[in-house]
Amino acid sequence: MKKENVLLAGATGYLGKFITQELIERGYETKIVVRKKEKVKLNAPNLEIIEAQVTKPESLKDICKNVDIVISTVGITRQKDGLTYMDVDYQANANLIDEAKKSRVKKFIYISVLNGEKLRNLKICEAKEKLGDYLKTSGLDYCIIRPNGFFSDMADFLKMAKGGKVYLFGDGELKLNPIHGKDLAKEVVNAINQDKKEINIGGPDLLSQNEIAKLALRAYGKKIKIIHLPDWTRKLALWCVRTFTSSKTYGPIEFFMTTMVMDMTAPLFGEEKLEFFFNNEANK
């Protein structure tokens with residue numbers, strides 16, 4: 001049976017690189033959208049590299065021609081180059097959806113965030129959820145995939161651990177199960193032939209924040225030293241960054257500080273272990 005033609009936007013990001021590899025290995029005719037072709041060091045008979053800027057709709061004209069499936073991981077953690085979350089997470093993806101509609105694409109798969117609907121008050125999630133609303137009313141078949149955090153997002157634990165102490169808000173017993181990009185990529189590609197409209201997903205290990213802190217400290221061979229801060233310090237810090245800095249600065253900080261006191265558990269999936277990831281990062 002002939003495989004679908006897939007267009008992937010956001011191919012040079014952390015997750016996008018794993019999805020590109022997964023699509024190629026599974027034999028999908030794959031087109032990836034990148035800003036600069038020379039940044040891509042891949043070569044495969046079923047890979048086509050297209051240079052375009054998703055924030056500029058004129059550069060996307062007919063980009064979805066002869067495409068069956070569009071996958072987008074387009075989004076930013078930190079606002080830079082004068083671009084806001086609304087410019088990228090919302091508008092750039094809306095531009096893609098509009099092109100997908102014109103070319104009668106069969107399905108649009110979008111990578112969002114777990115509990116995004118509860119976090120619309122955060123700058124990052126406001127744009128992602130607005131895009132989700134736009135996709136749901138687009139008339140396209142769709143799937144919104146909601147991971148609860150990548151291994152790469154756990155870098156804050158490692159940064160603290162390198163200094164010998166990890167600071168947590170509250171008692172550190174809230175649990176989460178972040179997922180490796182390699183594992184998530186498999187489920188994103190699986191979604192091409194599934195009927196699910198939304199997929200909540202996490203990694204294979206459900207860990208408390210205390211357990212994650214211990215893994216990070218052990219990766220650097222440090223003694224276990226975890227400082228538990230009262231929640232009022234978190235609220236004060238949030239108020240300060242929102243009051244005295246721009247959303248460019250506080251966007252990722254408010255997301256991290258808010259999700260640190262939420263249950264961010266998701267259905268378990270995958271094989272990659274956070275402990276191995278931490279050890280590899282610490283040994284670089």
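The values are calculated or read from the model by the stated rules, or taken from the named source; none is laboratory data. In this text, all values refer to a predicted model and were calculated from it rather than measured experimentally. As a convention, Cβ positions derive from the backbone with ideal geometry for all residues, glycine included, and neighbour counts pool all protein chains shown. Please note that ligands, DNA and RNA were not included when accessible areas were found on the heavy atoms of the full protein model with its side chains. Shrake-Rupley method; radii C 1.70, N 1.55, O 1.52, S 1.80 Å.
So, in the stretch 115-139, how many residues would count as being open to solvent by 20 Å² or more (accessible area, probe 1.4 Å) and either under 15 Å from residue 203 (Cβ atoms) or in contact with a Lys or Arg (Cβ under 7 Å, 6 or more places away or on another chain) (or both)?
Residues in the stretch 115-139 being open to solvent by 20 Å² or more (accessible area, probe 1.4 Å) and either under 15 Å from residue 203 (Cβ atoms) or in contact with a Lys or Arg (Cβ under 7 Å, 6 or more places away or on another chain) (or both): 2 in total.
Can you name the residue in the stretch 119-134 that is free of Cβ contacts under 8 Å to residues at least 40 places away in the same chain and assigned to a helix (DSSP H, G or I) and, of all such residues, is farthest from residue 196 (Cα to Cα)?
Filtering first and then ranking leaves 129.
Given the options 49, 76, 19, name the one that is buried (at least 19 other Cβ atoms within 10 Å of the Cβ), among the hydrophobic types (A, V, I, L, M, F, W, C) and at pLDDT 90 or above.
Sole residue among the options that is buried (at least 19 other Cβ atoms within 10 Å of the Cβ), among the hydrophobic types (A, V, I, L, M, F, W, C) and at pLDDT 90 or above: 19.
Listed residues 84, 20, 73; which is touching a Gly at 6+ places or on another chain (Cβ under 6 Å) and among the β-branched types (Val, Ile, Thr)?
The match here is 73.
Does residue 127 satisfy the condition of being within 29 Å of residue 73 (Cα to Cα) and small (Gly, Ala, Ser)?
yes
Evaluate the following for residue 66: is it at pLDDT below 90 and either part of a loop (DSSP other than H, G, I, E, B) or not aromatic (Phe, Trp, Tyr) (or both)?
no
Give the stretch 80-89 a look and list any residue that's surrounded by 22 or more Cβ atoms within 10 Å (Cβ to Cβ) and out of contact with any Ser or Thr (no Cβ under 8 Å at 6 or more places or on another chain), or say none.
89
Give the residue, chosen from 103, 112, that is touching a strand residue (DSSP E or B) at 6+ places or on another chain (Cβ under 6 Å) and either over 30 Å from residue 223 (Cβ atoms) or open to solvent by 10 Å² or more (accessible area, probe 1.4 Å) (or both).
Checking each option against the conditions leaves just 112.
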